[in-house]
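The values are calculated or read from the model by the stated rules, or taken from the named source; none is laboratory data. All of these numbers come straight from a predicted model, not from anything done at the bench. Virtual Cβ from ideal backbone geometry, glycine too; neighbours counted across all protein chains shown. Keep in mind that these areas ignore ligands, DNA and RNA; they rest on the heavy atoms of the full protein, side chains included. Shrake-Rupley method; radii C 1.70, N 1.55, O 1.52, S 1.80 Å.
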Amino acid sequence: MASERPPIACLGAGRMGRGIAVGFAYAGHEVALVDAKPRPPEAFAALEREALAEIGDALRTLGELGLFDPAHADSLLSRVRVVPEAAAAGALGKAAVVFEGVPEILDLKRDALARASAMMAPGAILASTTSTILVDDLSPAVADPARFLNAHWLNPAYIVPLVEVSPGRDTAPETLARLNALLESVGKVPVTCAASPGFIVPRLQTLAMNEAARMVEEGVASAEEIDRAVKYGFGFRFGVLGMLEFIDWGGGDILYHASRYLTGALGHERYRAPEVIERNMRDGRIGLRTGQGFLDYAGRDIDSYRRQRLGALVERLRAEGLAKPPVLPD
Ligand SMILES: NC(=O)C1=CN([C@@H]2O[C@H](COP(=O)(O)OP(=O)(O)OC[C@H]3O[C@@H](n4cnc5c(N)ncnc54)[C@H](O)[C@@H]3O)[C@@H](O)[C@H]2O)C=CC1
Ligand SMILES: O=C(O)[C@@H](O)C(=O)[C@H](O)[C@@H](O)CO
């Protein structure tokens, strides 16, 4: 990026556009929140009021929660301006990166992206926030597919660190590198993934969320009990270990056997293990115990590695107020 904190634009002043605007304004960027829909002046004025009120609230809340002195909230908010559709060209033409956040409808996105890309500065990057549409299904609409890619933020965008970045077949490697650098500079954690349905998190969480809903439907436990289990077990561990590393901890063999049992007991293919789990089982690549699993532990100091991970789990126990001192001898 030419400037250290280049101007950013969000196309579509809805939930994601506003959330991304909060994140960049917080990090010192000027942000144009560009309305993607032509509206009469009174309707635009109402949208502008509502968007600025929401962004201001979010910034004030972050301050009140201790991230900064809330007295600065208004000066952070002043970095954001809401721009009517008729003035889009001026705002988009100044942005180094434009994040498109219009509704998840293919033709609507293509149309918005085509129009935006024609107004952007040479060299600027265009990223779609789509949750589901593949980058290669959108890129034919844009003026320069080499500078186009998907950047899937998670909601609330100004809090969740992850952004799943998905380049298409025509995205230039330099575009990916520049966007990742920008995201990292504002405290985000970008992860690159193929143009594959559901990226990483929606693909994982859709299965898990449906299974949680199914357990309520089947009367396995109440919604409250299932969510306690998620917060204090499922989420507790995966937040430290990740999922593939956790397979290595528990052992790929456990997953292999659990998958076979659950496929039979629940009578559904959705529990069948993929070929890689079966192959790893045959090849003895079952994780920490064999020194190889999804990750390679060869040459690592396993004791200090385990200690580091346990330390992170203990930190989470403390954060939850669940770390208790031992009962010491009298
Ligand atoms: N809401 C969420 O949790 C997440 C949403 N996304 C994705 O972000 C994108 C935007 O989603 P949201 O911000 O939630 O939507 P939203 O409905 O809050 O905002 C969409 C914006 O597009 C505008 N718009 C509506 N109809 C339009 C039209 N015909 N032409 C042009 N603009 C129009 C709206 O006025 C609004 O400003 C979607 O692709 C969605 O899949 C990605 C991650 C999370
Ligand atoms: O914040 C999120 O995780 C969203 O980005 C989503 O993509 C949706 O919630 C999706 O995962 C629903 O399955």
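Filtering segment 164-181 for residues that are under 16 Å from Thr129 (Cβ atoms), within 12 Å of ligand 2 (Cβ to nearest atom) and part of a strand (DSSP E or B) leaves a non-empty set.
In the set (1) free of Cβ contacts under 8 Å to residues at least 40 places away in the same chain; (2) away from ligand 2 (no atom under 16 Å from the Cβ); (3) out of contact with any Leu (no Cβ under 8 Å at 6 or more places or on another chain), Asp136 fails one condition alone, (1).
Counting only residues that are touching a residue at least 24 places away in the same chain (Cβ under 8 Å), part of a helix (DSSP H, G or I) and more than 8 Å from ligand 1 (Cβ to nearest atom), segment 95-127 holds 9 of them.
Scanning segment 128-151 for residues that are within 11 Å of ligand 1 (Cβ to nearest atom), of a type outside the set (Val, Ile, Thr) and crowded, with 24+ Cβ neighbours inside 10 Å turns up Ser128, Leu138, Asn150, Ala151.
For segment 278-305, which residues satisfy the criterion of being touching a residue at least 12 places away in the same chain (Cβ under 8 Å) and assigned to a helix (DSSP H, G or I)?
Answer for segment 278-305, where residues must be touching a residue at least 12 places away in the same chain (Cβ under 8 Å) and assigned to a helix (DSSP H, G or I): Glu278, Asn280, Met281, Leu288, Arg289, Ile302.
Among the residues making up segment 281-306, those that are basic (Lys, Arg) and surrounded by 11 or more Cβ atoms within 10 Å (Cβ to Cβ) are Arg285, Arg289, Arg300, Arg306. Residues in segment 235-270 that are closer than 19 Å to Arg214 by Cα, under 26 Å from the mean Cα position of the chain (by Cα) and open to solvent by 60 Å² or more (accessible area, probe 1.4 Å): Arg270 only.
Of everything listed in (1) part of a helix (DSSP H, G or I); (2) more than 30 Å from Val135 (Cα to Cα), the single unmet condition for Val220 is (1). The residues of segment 37-73 that are within 23 Å of the chain's Cα centre (by Cα) and part of a loop (DSSP other than H, G, I, E, B), listed by number, are Leu65, Leu67.
Condition first: basic (Lys, Arg) and open to solvent by 50 Å² or more (accessible area, probe 1.4 Å). Can you find one or more residues in segment 193-214 that meet it? Walk me through it before giving the result.
At the first step, the residues of segment 193-214 found to be basic (Lys, Arg) are 203, 214.
Then drop every residue that is not open to solvent by 50 Å² or more (accessible area, probe 1.4 Å), which leaves 203, 214.
Yes; the residues of segment 193-214 include at least one that is basic (Lys, Arg) and open to solvent by 50 Å² or more (accessible area, probe 1.4 Å).
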